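Here's the structure we're looking at; comments come further down.
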Amino acid sequence: MTKKTTAVINQMTKERRESVGFGRFLRNDRVTLSSITQSATSRVNQLSERKHVLVINDTTEFNYQKHINFLDVDDEHLGPTGNNKDIGFFFHPGLVIDTEKNFGIGFSYIKIWNRSYDKLDKHQRKYQTLPIQEKESYRWIECAIESKKNLSSAKQITIVADRESDIYEEFVIIPDEQTHLLIRSCRDRLLYDTKQGLYETVSDTELKGSYSIKIKSNKKADRIARKTEVEVRYTKVQIARPKNNPNKKLPEYIELYAVEAKENPNKVPDGEKPIRWFLLTTHMVSTMEKALQIIKWYGMRWHIEMLFTAMKSKGLNIEASEVETGKGLKVLCLMVMMVALKINQLRLAREDKTGISADVCFSKEEQVVIKHLIKQKIKGKTKKQQCHYKQGTLAWATWLIARLGGWKGYQSEAKPGIKTMAIGLKEFESITLGWKLFQKMCA
């Protein structure tokens, strides 16, 4: 799958017997989701030793409604997706990022599940009164708990999540000397012993500083490209326990630091809303430098967004797979997850200056092929088209894969992305296969 860079079995295999064999593997009772998950998370503790790592977690869904004729609606491993109509399942990983190198190194948590078609709605289940452990949203807390276990060797862990993870219990249960939280606020929470809300309180604090950023255009958000200024405010707050929380044993308040990053209103085009982040964290924020660090860490959520992109239509295209069982699709999903991580590792290594080893993604034999290709075939005619990265580094190998994928080698060009890396990996596999055959024939 890594070499063919696709999750579609017919494209991955050359002969029918290979397709049949792979399908049997996915359906095999001895191939369990738990064993694959354990294998996928087992190495990350060693890779995180004595490091500060981020655990960026989020949820996505895989929709197979287009393949409904291949699937059984009574399959226990399948159910309704977010629209409550289509068939599929949900996926929630904890992606571990080395903060020093800004590089994904593995997974500390993986949850893959489906809803039931006969599941009662929130009103019927009296959702607000349920203990947090009985809610689907408990996955955010569970991710943090399991990540703490799987990253015990890390110097420090910061759990990073979007607004759905803004859960009072999480701020109570998770933080300790080793573990911090960084969550985007989803609601204007009431502060303790006052009638004032969180957002008003933070916005009323003095402006601590600002920074400039470039914003890309976004048609869905009705946003035009521009260079703008973001104002930063921060303060310590006491969040009151929600009145409707059924667990009265929880503390009456929790102390957190709130950071607001808001676009300067004078820089916002007419008709657009200013960009605005309200971040809640257990990290102490007492300086502008620390506030900017918090904003930067939260901005690294794009790592997991790119992981999902690599798994879907712009990369391995897992939703195009015609595997006929829900269990098989889930096993395939976990395998695709690891390949998508590799593709993104290549993408991140495009301009790596930290010297990450090519051993992360390529065998020694493959690196020999890379060396010969760069020297004999791929190097360009101009100096700008030469590979300037140190031999044996992942950046060096990535340069070759990008060139095979169609990138011309000029830094003025758009940086090679997921599609380019996927095409390059396919081409590299073909060349490597030819190399191996040549070596055998000449042996």
Please determine, by comparing only the residues of segment 242-278 that are of a type outside the set (S, T, N, Q) and in a helix (DSSP H, G or I), which one is surrounded by the fewest Cβ atoms within 10 Å (Cβ to Cβ). Pro265
Has segment 242-254 got at least one residue that is touching a Ser or Thr at 6+ places or on another chain (Cβ under 8 Å) and either at pLDDT 95 or above or more than 29 Å from Asp176 (Cα to Cα) (or both)? no
Name the one entry in Lys220, Lys214, Lys227 that is outside the structural domain of Ser153 (by TED's automatic domain parsing), exposed (fewer than 13 other Cβ atoms within 10 Å of the Cβ), at pLDDT below 90 and not hydroxyl-bearing (Ser, Thr, Tyr). Lys220
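Within segment 408-417, is there a residue that is at pLDDT below 80 and either surrounded by 11 or more Cβ atoms within 10 Å (Cβ to Cβ) or under 29 Å from Trp302 (Cα atoms) (or both)? So that I can check it myself, show each step before the final result.
Just the residues of segment 408-417 that are at pLDDT below 80, to begin with: 411-412.
With either surrounded by 11 or more Cβ atoms within 10 Å (Cβ to Cβ) or under 29 Å from Trp302 (Cα atoms) (or both) added as a condition, the list becomes 411-412.
Yes, the conditions are met somewhere in segment 408-417.
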If we ask which residues in segment 173-211 are surrounded by 12 or more Cβ atoms within 10 Å (Cβ to Cβ) and part of a helix (DSSP H, G or I), their number turns out to be 6
Conditions first: (1) under 22 Å from Lys236 (Cβ atoms); (2) loosely packed, with under 14 Cβ neighbours inside 10 Å; (3) more than 21 Å from the chain's Cα centre (by Cα). Arg163 passes all but one, so which condition is the exception? (3)
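How about segment 265-296: which of its residues are polar (S, T, N, Q) and modelled with pLDDT of 95 or more? I'd like the intermediate steps shown before the answer.
Residues of segment 265-296 that are polar (S, T, N, Q), as a first pass: 266, 281-282, 286-287, 293.
Of everything in segment 265-296, those that are polar (S, T, N, Q) and modelled with pLDDT of 95 or more turn out to be Thr281, Thr282, Ser286, Thr287, Gln293.
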Condition first: closer than 11 Å to Val53 by Cα, touching a residue at least 60 places away in the same chain (Cβ under 8 Å) and surrounded by 16 or more Cβ atoms within 10 Å (Cβ to Cβ). Now tell me which residues in segment 79-105 satisfy that. Leu95, Ile97, Thr99, Lys101, Phe103, Gly104, Ile105
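Let me confirm something: among Ala395, Ala340, which residue is in a helix (DSSP H, G or I) and assigned by TED's automatic domain parsing to the domain that holds Ile112? Steps first, answer last, please.
Working: Ala395 fails: assigned by TED's automatic domain parsing to the domain that holds Ile112.
Exactly one residue qualifies, and that residue is Ala340.
Against the condition free of Cβ contacts under 8 Å to residues at least 60 places away in the same chain, surrounded by 15 or more Cβ atoms within 10 Å (Cβ to Cβ) and of a type in the set (Gly, Ala, Ser), how does Ala340 come out, does it pass? If you could, list the steps in order and put the result at the bottom.
Numbers: free of Cβ contacts under 8 Å to residues at least 60 places away in the same chain: yes; surrounded by 15 or more Cβ atoms within 10 Å (Cβ to Cβ): yes; of a type in the set (Gly, Ala, Ser): yes.
So Ala340 fits the description; yes.
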Of the residues in segment 266-281, how many are within 22 Å of the chain's Cα centre (by Cα) and more than 16 Å from Glu229 (Cβ to Cβ)? 4
Let me spell it out: the conditions are (1) more than 19 Å from Ser147 (Cα to Cα); (2) under 13 Å from the mean Cα position of the chain (by Cα); (3) among the hydroxyl-bearing types (Ser, Thr, Tyr), and Ser108 meets all of them except one. Which number is the exception? (1)
Failed condition for Phe25, given (1) crowded, with 19+ Cβ neighbours inside 10 Å; (2) over 30 Å from His283 (Cβ atoms); (3) modelled with pLDDT under 90; (4) not β-branched (Val, Ile, Thr): (1)
Name the residues in segment 317-337 that are part of a helix (DSSP H, G or I) and farther than 22 Å from Ile423 by Cβ, would you? Gly326, Lys327, Gly328, Leu329, Lys330, Val331, Cys333, Leu334
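Just to check your reading of the model, which residue among Lys314, Lys371, Lys377 is in contact (Cβ under 8 Å) with a residue 12 or more places away in the chain and either buried (at least 16 other Cβ atoms within 10 Å of the Cβ) or in a helix (DSSP H, G or I) (or both)?
Values: Lys314 fails: either buried (at least 16 other Cβ atoms within 10 Å of the Cβ) or in a helix (DSSP H, G or I) (or both); Lys377 fails: in contact (Cβ under 8 Å) with a residue 12 or more places away in the chain.
After ruling out the rest, the residue left standing is Lys371.
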Can you pull out the residues in segment 64-94 that are of a type in the set (S, T, N, Q) and in contact with a helix residue (DSSP H, G or I) (Cβ under 6 Å, 6 or more places away or on another chain)? none
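The values are calculated or read from the model by the stated rules, or taken from the named source; none is laboratory data. Keep in mind the model is a prediction, meaning the values are calculated, not measured. Using ideal geometry, Cβ is built from the backbone for each residue, glycine included, and neighbour counts are taken over all protein chains shown.
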